[in-house]
Amino acid sequence: MPARRTGEVALRDADFEQRCRARGLRVTAQRLAVYTVLAEDPSHPTAESVYASVQPRMSSLSRATVYRILESLEREKLIRRVSTTAGGTRFDANLAPHQHLVCRVCGRIADFSAPWLARRAVHAVPGFVVEDLDIRIVGRCTGCRETSVRRHPEPSRTSGKNPKRRT
């Protein structure tokens with residue numbers, strides 16, 4: 001998956017720094033490094049992937065610290081947690097309203113914008129206060145769908161007919 005454009009990441013980093021300060025969080029080199037990895041990677045990386053990407057930039061940063069930073073950033077609503085079909089957790093720095101397309105075969109997650117699925121479209125739910133709307137659209141990505149079609153081609157028009165039996 002290609003990295004996001006540098007200008008877009010720089011804008012997100014600046015916005016991230018402002019949002020940290022507004023919440024009373026110090027903008028540390030470690031927090032910024034973890035956030036930048038997320039902002040650069042549209043694949044919605046796992047905590048392990050974030051750790052692996054941060055290591056070359058900041059070798060003194062421990063795995064446990066990366067996990068704590070991700071948890072604190074999510075708690076402060078500076079990043080989003082994205083669930084997978086396999087029960088794993090991925091992270092997303094994109095806070096703009098959007099949904100996720102999740103491939104049930106390879107696990108790929110892609111951002112998808114469907115304004116008609118936004119929170120404002122959810123009307124009042126009796127006895128419940130809606131705070132967030134997290135929509136995952138699960139299916140098969142193009143690559144997995146094409147692989148499946150190659151492995152299991154559609155039956156031909158004649159394949160449904162019974163061949164004559166020899167006796």
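The values are calculated or read from the model by the stated rules, or taken from the named source; none is laboratory data. These figures come from a predicted structure and were not determined experimentally. Methodologically, a virtual Cβ is constructed for each residue, glycine included, from the backbone with ideal geometry; neighbour enumeration extends over all protein chains shown.
Miscellaneous remarks
- Residue satisfying condition, being of a type in the set (S, T, N, Q) and over 13 Å from the mean Cα position of the chain (by Cα), within set T36, T46, T89: T36
- On the stretch given as segment 95-107, residues that are surrounded by fewer than 19 Cβ atoms within 10 Å (Cβ to Cβ) and on the phi < 0 side of the Ramachandran plot total 9.
- The combined condition, being modelled with pLDDT of 95 or more and not in a loop (DSSP other than H, G, I, E, B), is fulfilled by V66.
- Qualifying residue in segment 76-93 (condition: of a type in the set (K, R), more than 16 Å from S49 (Cβ to Cβ), not in a strand (DSSP E or B) and not assigned by TED's automatic domain parsing to the domain that holds T28): no
Each row is one residue, and each column tells you yes or no for (1) without any contact (Cβ under 8 Å) to a residue 40 or more places away in the chain; (2) surrounded by fewer than 19 Cβ atoms within 10 Å (Cβ to Cβ); (3) over 14 Å from A14 (Cα atoms).
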{"position": "R26", "(1), (2), (3)": "yes, yes, no"}
{"position": "A29", "(1), (2), (3)": "yes, yes, no"}
{"position": "L32", "(1), (2), (3)": "yes, yes, no"}
{"position": "H44", "(1), (2), (3)": "no, no, yes"}
{"position": "V50", "(1), (2), (3)": "no, no, yes"}
{"position": "M58", "(1), (2), (3)": "yes, yes, yes"}
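- Residue pairs whose Cβ atoms lie under 9 Å apart, separated by 6 or more positions or on different chains, with the first residue in segment 125-147 and acidic (D, E) and the second at pLDDT 85 or above, are D134/R80; D134/R81; D134/V82; D134/Q99; D134/H100.
- Extreme residue, surrounded by the fewest Cβ atoms within 10 Å (Cβ to Cβ), among residues of segment 135-159 that are at pLDDT 55 or above and β-branched (V, I, T): T142
- Test for R68: is it surrounded by fewer than 16 Cβ atoms within 10 Å (Cβ to Cβ), under 17 Å from C141 (Cβ atoms) and not hydrophobic (A, V, I, L, M, F, W, C): no
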